[in-house]
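Data first, discussion second: the structure below is written as structure tokens.
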Amino acid sequence: MPIIELDTNLPADRVPAGLEKRLCAATAAILGKPEDRVIVTVRPGLTMALGGTTEPCVQLVVSSIGVVGTAEDNRGHSARYFEFLTKELALDQDRIIIRFYPLEPWQLGKKGTVMTFL
């Protein structure tokens, strides 16, 4: 169950309409997970600085079970997310940061239990 959080200082009117849906589909393809298990949050208009400047930037947080636990995996995921984000948001790669967090099934609750038992 991938959890995707995109934080940006881009104003809401500079974030393309439907980005959350396209990011959901892209995540399913990138991580090899069913789209109906992906959750995406997009938070525009935040106060952010990256590299000492407040020029437009993005922080993408990717949390998931079983697919973001190695450098080798994340190198491939990173390349595909960077391709998606630079195209969608018209930002240079140096204005984007991605953080990967591996999760264990017991750390995610769903349907009154945790993923361990689903």
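Inside the range 84-104, can you point out the residues that are over 18 Å from Gly18 (Cβ atoms), outside any strand (DSSP E or B) and open to solvent by 40 Å² or more (accessible area, probe 1.4 Å)? Before the answer, list the steps.
Keep residues of the range 84-104 that are over 18 Å from Gly18 (Cβ atoms), which gives 92-104.
With the extra rule that they be outside any strand (DSSP E or B), the set shrinks to 92-95, 104.
The answer is Asp92, Gln93, Asp94, Glu104.
So Asp73 clears everything in (1) surrounded by 14 or more Cβ atoms within 10 Å (Cβ to Cβ); (2) closer than 18 Å to Glu5 by Cα except one condition, right? Which one?
Every condition holds for Asp73 apart from (2).
Considering only residues that are out of contact with any helix residue (DSSP H, G or I) (no Cβ under 9 Å at 6 or more places or on another chain) and of a type in the set (A, V, I, L, M), which ones fall in the range 42-70?
Leu46, Met48, Ala49, Val61
Quick one: count up the residues across the range 31-56 that are assigned to a helix (DSSP H, G or I) and out of contact with any Pro (no Cβ under 9 Å at 6 or more places or on another chain). Lay out the reasoning, then the answer.
Filtering the range 31-56 down to residues assigned to a helix (DSSP H, G or I) leaves 31, 35-37.
Adding the requirement that they be out of contact with any Pro (no Cβ under 9 Å at 6 or more places or on another chain) leaves 35-36.
Of the residues in that region, 2 qualify.
Do any residues in the range 30-42 that are under 15 Å from Asp7 (Cβ atoms) have Cβ atoms under 7 Å from those of residues that are in a loop (DSSP other than H, G, I, E, B), where the two are at least six apart or on different chains, and which pairs are they?
Close Cβ pairs (under 7 Å, with a partner that is in a loop (DSSP other than H, G, I, E, B)) amount to Val42/Val15.
The values are calculated or read from the model by the stated rules, or taken from the named source; none is laboratory data. A quick note: this is a predicted structure, and the numbers were derived from the prediction, not measured. Neighbour counts are summed over all protein chains in view; Cβ atoms, including those assigned to glycine, are modelled from backbone coordinates with ideal geometry. In case anyone asks, the SASA skips ligands and DNA or RNA and just uses the protein heavy atoms, side chains included. Shrake-Rupley method; radii C 1.70, N 1.55, O 1.52, S 1.80 Å.
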